[in-house]
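Only one structure is covered here, and it is reproduced in the block below.
Every number in this text was worked out from the coordinates using simple rules, so none of it is lab data. Because the structure is a prediction, the values reported are computed rather than measured. Glycine also receives a Cβ, built like all others from the backbone with ideal geometry; neighbour counts cover every protein chain displayed.
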């Protein structure tokens, strides 16, 4: 099956939605010979920061000679973005071969009617486990898709677990309180695991402490067991960091990523690399560590893809993420005019997201994306108008003008037409907003 057909099959599987159960993934892996039991795993869970942390850990360990891969979700442009081996995303040809190898087993499981067909995420997760066996990887860094307990990645017996943080999201499935969501996510902690966390919420830390005691695991906490000693903002070039890790102190680390949150994600990633290498009887070495971050790039995380005007892609898709984005835009670009392109999925807490994004919007362009769950732009406009009126009554900042445009690409093209060279254009609200945007910008630059 070629890449186009494999992608179409996976796209069509979205109709099966999310099914909290491990029965189908366990069955297909059993038929494959249990590939998830043939290498080590580091599991990354939490609400925000998972993808960045996953990529960072994998880069650090690959630079130390560990034959490793990572698995992330969702993708921005192509399915191949989700799977990476020793420094490279897999090719469409390798993806197609992998899917073709798995497909007969997916069909076999679907005929068993185990509470319905396999979901898209279950199939992709099974592909990564199969890839790890075929490529004889020592380690895979797994990003959990949603929650923990019933996430397809949770069939892995992870020796090391990274816990970024918890905020309210997917409440219809994971629970309506921080405590309930944390309990779900903590279920990835297996017996004897080494667990490192950025969490500072006392309720969440209490849950992690209880779970690690129950499983005979060890918990390492930011601020106590590892922390950033010094961070210097290098403006749009990133950060210069001194970090006290779990085992050593690392100085003069230059992280080429924007965002006030990335130094923290990196400190977590470094602690996880330390813990895994310690299991292997090794330590993090400064030279390969510094090499691993020199060219580090993470798509869609406060990512600058163009200058004059500056175009920023940001995948923030929940209230906590949007609050962080607003903080970063204010810090990096306090005086510039800001044109915000905003689209959101209808199952998100979009009213709180809109209220927050208004705080930095000089011009607001409302739009929708290609995801079937995208909030209709007319509905988005109705909500935004209500919240703008409410903000006016409270004498808060509101956009000078609001536009409604049918899709993200048209919104971006319009924003580029009305912007000055010193303006900021930021696309945010959903990772689905970012599809093909970088390519569109490159094409427009080439033709100008």
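Things worth noting here:
- The gain in end-to-end length when the residue 327 to residue 401 segment is fully stretched comes to 24.5 nm, 0.36 nm per residue minus the alpha carbon separation.
- Only helices enter the 222 nm calculation for the chain: every DSSP H run of n ≥ 4 contributes -39,500 (n - 2.57), and dividing by all residues gives -12500 deg cm²/dmol, rounded to 500.
- Nearest 10 degrees, 0 to 90: helix 50-63 Cα axis against the chain principal axis: 50
- Distance in nm between pseudo-label sites at residue 202 and residue 290 (7 Å out along the Cβ direction from Cα): 4.2
- Eigen-decomposition of the gyration tensor built on the alpha-carbon atoms of segment 3-294 gives equivalent ellipsoid semi-axes of 31, 22, 17 angstrom, largest listed first.
- The Cα center of segment 196-259 and the Cα center of segment 295-356 differ in position by 24 Å.
- Helix 3-12 vs. the chain, principal-axis angle (Cα, 0 to 90°, nearest 10): 80
- Whole-Å semi-axes of segment 303-447's equivalent ellipsoid (Cα gyration tensor): 22, 18, 14
- With Cα atoms, 0 to 90° folded angle of helix 377-393 axis to the chain main axis: 60
- The stretch between residue 394 and residue 436 holds 11.3 nm of extra length on full extension. This uses 0.36 nm per residue minus the Cα-Cα distance.
- 17 Å reach of a label modelled at residue 115, 7 Å along Cα-to-Cβ, counting backbone N of segment 1-35: 16-30
- Packing here is the average count of other Cβ atoms within 10 Å per residue, and on that basis the peptides 82-92, 121-131, highest first, run 121-131, 82-92.
- Mean Cα-pair separation over length for segment 303-447, i.e. relative contact order, pairs under 8 Å, 6 or more apart, %: 38
- Residue of 47, 212, 428 that the Gaussian network model of the chain assigns the largest fluctuation, springs spanning Cα pairs under 10 Å: 212
- In terms of the mean number of neighbouring beta-carbon atoms within 10 Å, the peptides 335-341, 159-165 order highest first as 159-165, 335-341.
- When Rg and the Kirkwood Rh are both derived from Cα coordinates, the Rg/Rh ratio for segment 54-110 amounts to 1.06.
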